[in-house]
Amino acid sequence: ILYLTRVYVFSSCFEHRLEQHLAICNAREKTGLSYMSRNINLRPGDQEEPPKTSLSSLSDQQLLSFITRVEAAHRENVGTIEESILSHHIMKKEMTRPGYGPSVVRHLSQNSSILGHLENSALLNTSITPTCFIEFGAGRGQLTNWLTEAVSDTSKSLFVLVDKGAQRYKFDAKLKYNSKLLIHRLRVDIQHLKMEGIPGLDTCDRIVGVGKHLCGGATDLALHCLSRCSRPVVAGLVLALCCHHRCTWNTYSGFTFLQDSGFCPSEFYTLTALTSWATCNSMDIPSKESLPDMLENYEKSEKMQIEEQVSKMPALTSQEGSQHLPSEDNHLMENRYTRLNLSAHYREEVGRKAKQLLDYGRVKYLQQQGFQCRLVQYVSKEKTLENIALVANFIGS
């Protein structure tokens, strides 16, 4: 068993061939690279990791109270996120090609809207300003492929694809045979990416960051990476946001906003757990037992019922709460959400608000770095439940 880049890689090589295998293994951690500096994009300072608390470990009172606080913070800070579904003319023909299934159409729609927002922010005009485009979490390189066709002048563009994976890439073959393009693919974790060391960056006057699938903490690492680069200036970015349940405390960029909103570090992973309701929600299941105390005000809105239930419940310590969990009555555990009148639709809305709170913390972080930024619904919810993008332009501090 080899331990490489914090991932266990199982190999069948003999012990006497181990040294030879390590020299050629694709999963080995590369060192001595100009664009790599270990942990450079982690949040500065020693961060004590808070405990991870599952939603099932919360008492009824704690869960309902936490939901109420999330809704209040969302109402006060985030509000309604505008719908801004754009498109780029370069992809019109491809999107109308017959025979594509829903998955392909979804990816094309996402790429088209991202390009539309880049164009709307004047970030695709490279004729006057040589630009380095960096795609974080590039994967197969599809977004960069379309980006090379959307820019005004490829001779004044540098395209950098960043991904920590070592698999083969579908669009690389197409891109590398175009002699007019200057492209670098860097196999490095964003956590260790040092922008100043990217080959050819000194020929550019500005940087533009893009990303279509940056899971959880990878988004924050990309924001840290971009914000700490001063020359050339980071002119703007468009990042599609997703997988908030994979956010981590030592990478999250909006922790100051959360603390200012009344959330302590120990509640961070409760908030990330709540985000799963937005995309992994279950259907409503009828309860086998009726609870008159919970359902007497059924005609009222679910939100009013939750506030009413919280106010009626006695104050419990976490130890006391665990003693009064429905484990005393097994039938009450069959469907906790039905018992608390938390419908699938309502849980989805709460999960979405939790995601948007985390995203708004990122907005506040970028504003402190001199960016003008906003959250938008860049595709419809019917295309994907992960339909929020972060759009930012640098305006100076």
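Taking a probe of 1.4 Å, how large is the accessible area per residue of the stretch 36-103, in Å²?
Each residue of the stretch 36-103 exposes 62 Å² on average to a 1.4 Å probe.
If amide H atoms are built 1.01 Å from N in the plane of the peptide, which residues on other chains or at least 5 residues away come under 5 Å of the amide H of L186?
Amide H neighbours of L186: L161, V162, D163.
Between S56 and C264, what FRET efficiency follows from the Cβ-Cβ distance if R0 is 22 Å, with the result rounded to 0.05?
0.60
Classify the stretch 333-397 as rounded, prolate or oblate from the Cα gyration tensor: take a ≥ b ≥ c as the square roots of its eigenvalues, call it rounded if a/c is under 1.5, otherwise prolate when a/b beats b/c and oblate if not.
Verdict is oblate for the stretch 333-397.
Between the stretch 133-147 and the stretch 333-397, what's the alpha-carbon centroid distance in Å?
Value for the Cα centre distance between the two parts: 23 Å.
Tell me whether the stretch 45-197 comes out rounded, prolate or oblate; compute the Cα gyration tensor, take square roots of the eigenvalues as a ≥ b ≥ c, and use a/c under 1.5 as the rounded threshold.
prolate
What do you get for chymotrypsin sites (Phe, Trp or Tyr not before Pro) in the stretch 60-133 restricted to DSSP loop and a cutoff of at most 13 other Cβ within 10 Å of the site's Cβ? Mind dumping the intermediate values first?
Details: sites: F66, Y100, F133; in loops: Y100.
Answer in residue order: no site qualifies.
What number comes out for the charge environment of L258, summing +1 per Lys or Arg and -1 per Asp or Glu over other residues with Cβ under 10 Å away?
-1
Could you tell me which of rounded, prolate or oblate describes the stretch 102-147, using a ≥ b ≥ c as the square roots of the eigenvalues of the alpha-carbon gyration tensor, with rounded for a/c under 1.5 and, failing that, prolate when a/b is larger than b/c and oblate otherwise? Don't jump to the answer; show the numbers that get you there.
Working: a/c = 3.03, a/b = 1.64, b/c = 1.85.
Oblate, since a/c reaches 1.5 and b/c is not below a/b.
Based on the Cβ-Cβ distance from M95 to R75, what FRET efficiency comes out when R0 is 35 Å, to the nearest 0.05?
Step by step, r from the Cβ atoms, then E = 0.45.
Arrange the peptides 347-360, 267-280 so that the one whose residues have, on average, the most other Cβ atoms within 10 Å appears first.
In decreasing order of mean packing, 347-360, 267-280 become 347-360, 267-280.
Describe numerically, in nm with one decimal, the distance between label points set 7 Å from Cα along Cα→Cβ at R231 and at E382.
Result for the modelled spin labels: 5.1 nm.
As a test of reading the structure, rank T53, T144 by solvent-accessible area (1.4 Å probe, protein chains only), most first. Show your work: numbers first, answer last.
Working: T53 40, T144 5 Å².
Greatest to least solvent exposure: T53, T144.
Please compute the length gained on full extension between K164 and K180, using 0.36 nm multiplied by the number of residues separating them and subtracting their Cα-Cα distance.
3.2 nm
The values are calculated or read from the model by the stated rules, or taken from the named source; none is laboratory data. Predicted model, so just to flag it, every value in this text is computed and none were measured. Heads up, the Cβs are rebuilt from the backbone with ideal geometry, glycines too, and the neighbour counts pull from every protein chain shown. Protein only, heavy atoms only, side chains kept; ligands, DNA and RNA dropped before computing areas. Shrake-Rupley method; radii C 1.70, N 1.55, O 1.52, S 1.80 Å.
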